[in-house]
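Here the structure is laid out as structure tokens; the discussion comes afterwards.
The values are calculated or read from the model by the stated rules, or taken from the named source; none is laboratory data. Predicted model only: the values in this text are computed from it and were never measured. Every residue, glycine among them, receives a Cβ derived from its backbone with ideal geometry; neighbour counts consider all protein chains shown.
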Amino acid sequence: MNTQLNEHILDVRDLKMYFPVTRGLLRKKVADVKAVDGVTFKVKRGETLGLVGESGCGKTTIGRCVLRLYQPNDGQIFFEGEDIIPLPEKGIREVRRKMALIFQDPYSSLDPRQSAGSIVGEPLKIHDMVESPIEYRDRVDELFRIVGLDPSMSDRFPHEFSGGQRQRIGVARALACEPSLVICDEPISALDVSIQAQVINLLEELQEGLKGLSYLFIAHDLSVVRHISDRVAVMYLGRIVEVTDSQTLYDDPQHPYTQALLSAVPIADPFIEETRERIILQGEVPTPLDPPPGCSFHPRCSRVIPECSQAVPPLKTVGAEHEVACIRV
Amino acid sequence: MPEILQVNNLETQFFTEGGLVKAVDGVSYHIDEQEIVGLVGESGCGKSVSQLSVMQLVSTPGKIVGGEIIFDGQNLLELEANGPEMRSIRGAKIAMIFQEPMTSLNPVLTIGRQLTETLELHMGLNKSASREKAIEALRDVGIPSAESRIDDYPHHFSGGMRQRVMIAMGLSCNPKILIADEPTTALDVTTQAQLLELMKDMVEQYHASLVIVTHNLGVVARYAQRIYIMYAGRIVEAGTTKDIFADPRHPYTIGLLKCIPRLDEERGRKLVPIVGLPPNLINMQPTCAFSPRCSYKSEKCLKEPWPPLTHLGNEHYVGCFNE
């Protein structure tokens, strides 16, 4: 039990999160949006797990469930060995100290009327992490330095910083309480190309420096996810369809959706693009209000057979730490 | 192929309260018939404003202050922006697709009304003929049951479908040039791939040229024959896609290629970010705007005005003293 505790910082089992759709004056429930429908995955200590998928596939919802910002309908979320779903509000606060979230939009996720220093230092006060004003000051300065900002800028306000610098403030705030798990929800997609690399490198360097820091990295950009993650989980319509290490993901993708998703990302090299096979998916992602029966990818799949619409395919192991949910594999 | 568009020394400036912004600062480029050209740069580099200038859609405080835009042997800048001649070109011979398909479609008019408006105006078709043509255009871009969907409003369509409508609208008058300004940035990866493929097929079918304005180097590597790299209102490097990717010469182009993660890279490659920030374009110095971020800069870069483009052979041009 103890070794398992140490190896996996996060262990999510059969997570389900349904959002009710209500109608009429009495707000009668008429349907469920199955945003996350039976998701199981683990994050090892010190590892980065990438969660990739298109909009509406439930990747952000998973992040929010892990932080217990949503109360899931079913399933278990073991964080450092403890199931956090039944925890009362008071207990969850203690858990949240050890988890942090970096948001997508560095423009709306920082309070414009709070100074950068107080944004970064606020978690320290909320969680009683410091004993004296001097210690508070020192810790905020240190956090600024860790993310590559000059501590003398801590009195400035968010609008005085560029997008990349704001995202650094967001990272500093996330690190304030020395979390063991950081959930990064599209942390670079709002930034300019030349600035994205700065933030990616910062996240990588922090992980090398702070031993045991784990990331759950949520993004839609497959090349970024592959670059930063040790393992990648590909999601489609509320379910994980393939999990593997990021090298195998590119070398040997098994699920037809993973293959299509990889093929849809152009590589910045015209010589490779010339000969690359292009799989262009037909149609669009169906609504999670009324997902297709069985494997929800089957209406768009090139390898579909009648059995595909009969039952939801479970994840099965096809190689070392490589799991695929497809009956054709 | 002969040239269809030739832009010479285009200058578009914005007279803002904070000072003068030279959004497009002496840009020259050309587009050949039936060619796919990529215009690459980060936000604020002037790539969109240069295209809006071609359409004469720059509004105050912006103004086109110099240059020539030769289309079909005629300088468009000699035409009045709202005059009948320019109106007969804009949307008909040169069409544009914008980034945000929700804000570029009118929410209170049906898709059909918005499509037939251009057809009636530019092609002189009557009501039933233009409706017929609009249905055909929607079918061409892959909208299922076009005959009934033509009476729907933009909010009935998903983001990808709306962008299909925009493509149908852009191509409905058989334009010579289709300008697509970040056409797929707001969309999902697989939808992006669908739409880019559709655009490529459609311009081939219509024998039109396509200008893809984007920040995504992968997209131009896949589709463009030639590319222009822009930085702070200027073109810093131009050439065939293969020349630029095989042998990038401007420090900014080199930096861009090193700082993006590639899908096919080996694990553990470290990204090399471009240090510093894109410049603030208000009241800029006349020297090379990339020099503060450049690792190859010399004394000359900090003293002399921005270097002109030098020819490296085979359509490859670069604007750098130290290439």
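Residues of the range A:208-228 that are out of contact with any strand residue (DSSP E or B) (no Cβ under 7 Å at 6 or more places or on another chain), among the hydrophobic types (A, V, I, L, M, F, W, C) and more than 9 Å from every other protein chain (Cβ to nearest Cβ): A:L210 alone.
Would a scan of the range A:237-244 turn up a residue that is at the interface with chain B (Cβ under 8 Å from one of its Cβ atoms) and either assigned to a helix (DSSP H, G or I) or in contact (Cβ under 8 Å) with a residue 12 or more places away in the chain (or both)? Full working, then the answer.
Looking only at the range A:237-244, we keep the residues that are at the interface with chain B (Cβ under 8 Å from one of its Cβ atoms), and these are none.
No, because not a single residue in the range A:237-244 is at the interface with chain B (Cβ under 8 Å from one of its Cβ atoms) and either assigned to a helix (DSSP H, G or I) or in contact (Cβ under 8 Å) with a residue 12 or more places away in the chain (or both).
Within the range B:133-152, how many residues turn out to be among the charged types (D, E, K, R) and under 24 Å from B:R90 (Cβ atoms)? Working first, answer last.
The initial filter retains those residues of the range B:133-152 that are among the charged types (D, E, K, R), namely B:133, B:136, B:139-140, B:147, B:149, B:151-152.
Narrowing further to those that are under 24 Å from B:R90 (Cβ atoms): B:133, B:136, B:140.
The number of residues fulfilling the criteria is 3.
Just a yes or no: is a residue in the range B:79-92 in contact (Cβ under 8 Å) with a residue 40 or more places away in the chain, within 20 Å of the chain's Cα centre (by Cα), assigned to a loop (DSSP other than H, G, I, E, B) and within 30 Å of B:S28 (Cβ to Cβ)? Yes, the range B:79-92 has at least one match. May I ask you to list the residues in the range A:261-277 that are more than 7 Å from chain B (Cβ to nearest Cβ), of a type outside the set (D, E) and part of a loop (DSSP other than H, G, I, E, B)? Residue satisfying the conditions is A:R276 alone. Look at the range A:109-127: where a residue is within 15 Å of A:D141 (Cβ to Cβ) and a partner is hydroxyl-bearing (S, T, Y) and not in a loop (DSSP other than H, G, I, E, B), sitting 6+ places away or on another chain with Cβ atoms under 7 Å, you get A:S115/A:S154; A:A116/A:S154; A:G117/A:S154; A:G121/A:Y136; A:L124/A:Y136. Going residue by residue through the range A:132-140, is there one that turns out to be in a helix (DSSP H, G or I) and of a type in the set (S, T, N, Q)? No, every residue in the range A:132-140 fails to be in a helix (DSSP H, G or I) and of a type in the set (S, T, N, Q). The C-beta contact set for the range A:11-27 (first residue free of Cβ contacts under 8 Å to residues at least 12 places away in the same chain, second residue exposed (fewer than 12 other Cβ atoms within 10 Å of the Cβ), distance under 9 angstrom, 6+ apart or interchain) comprises A:T22/A:K28; A:T22/A:K29; A:T22/A:V30; A:R23/A:K29; A:R23/A:V30; A:G24/A:V30.
B:E11 meets all of the listed conditions (1) touching a strand residue (DSSP E or B) at 6+ places or on another chain (Cβ under 7 Å); (2) surrounded by 19 or more Cβ atoms within 10 Å (Cβ to Cβ) but one, namely (2). Residues of the range A:245-259 that are at the interface with another protein chain (Cβ under 7 Å from one of its Cβ atoms), free of Cβ contacts under 8 Å to residues at least 40 places away in the same chain and surrounded by 16 or more Cβ atoms within 10 Å (Cβ to Cβ): A:Y250 alone.
A:V285 satisfies every condition listed in (1) on the phi < 0 side of the Ramachandran plot; (2) away from chain B (no Cβ under 14 Å) except (2). Quick check, is B:K176 under 20 Å from the mean Cα position of the chain (by Cα), at pLDDT 90 or above and either over 27 Å from A:H220 (Cα atoms) or hydroxyl-bearing (S, T, Y) (or both)? Criteria met by B:K176.
Filtering the range A:94-150 down to residues that are of a type in the set (S, T, Y) and farther than 25 Å from A:C65 by Cβ, which residue is surrounded by the fewest Cβ atoms within 10 Å (Cβ to Cβ)? Please lay out each step first, then the result.
To start, the set of residues in the range A:94-150 that are of a type in the set (S, T, Y) comprises A:107-109, A:115, A:118, A:132, A:136.
Subsequent filtering for residues that are farther than 25 Å from A:C65 by Cβ retains A:107, A:115, A:118, A:132, A:136.
Numbers: A:Y107: 14, A:S115: 16, A:S118: 15, A:S132: 8, A:Y136: 16.
Ranking the qualifying residues of the range A:94-150, first place goes to A:S132.
Being within 14 Å of chain B (Cβ to nearest Cβ) and touching a strand residue (DSSP E or B) at 6+ places or on another chain (Cβ under 9 Å) is the filter; apply it to the range A:158-192 and report the residue that is surrounded by the fewest Cβ atoms within 10 Å (Cβ to Cβ). Within the range A:158-192, the match that is surrounded by the fewest Cβ atoms within 10 Å (Cβ to Cβ) is A:S189. Every residue in the range A:193-219 that is crowded, with 19+ Cβ neighbours inside 10 Å and assigned to a loop (DSSP other than H, G, I, E, B), please. A:L213, the sole residue that qualifies. So, in the range A:290-302, of the ones that are under 21 Å from B:F157 (Cβ atoms) and within 14 Å of chain B (Cβ to nearest Cβ), which residue ends up surrounded by the fewest Cβ atoms within 10 Å (Cβ to Cβ)? Once the filter is applied, the top-ranked residue is A:P299. State yes or no: is B:A221 crowded, with 21+ Cβ neighbours inside 10 Å, more than 9 Å from chain A (Cβ to nearest Cβ) and either over 25 Å from A:I279 (Cα atoms) or modelled with pLDDT of 95 or more (or both)? So B:A221 fails the test. Here A:L26 fulfils each of the conditions (1) in a strand (DSSP E or B); (2) over 23 Å from the mean Cα position of the chain (by Cα) apart from (1). For the range B:19-43, a residue qualifies if it is touching a His at 6+ places or on another chain (Cβ under 6 Å) and within 19 Å of B:N174 (Cβ to Cβ), and exactly one does: B:Q34.
Checking each residue of the range B:189-209 against the condition of being more than 8 Å from every other protein chain (Cβ to nearest Cβ), out of contact with any Leu (no Cβ under 9 Å at 6 or more places or on another chain) and among the β-branched types (V, I, T) gives no match. Among the residues of the range B:169-185, is any within 23 Å of B:G26 (Cα to Cα), in a loop (DSSP other than H, G, I, E, B) and within 11 Å of another protein chain (Cβ to nearest Cβ)? The answer is no, given that none of the residues of the range B:169-185 is within 23 Å of B:G26 (Cα to Cα), in a loop (DSSP other than H, G, I, E, B) and within 11 Å of another protein chain (Cβ to nearest Cβ).
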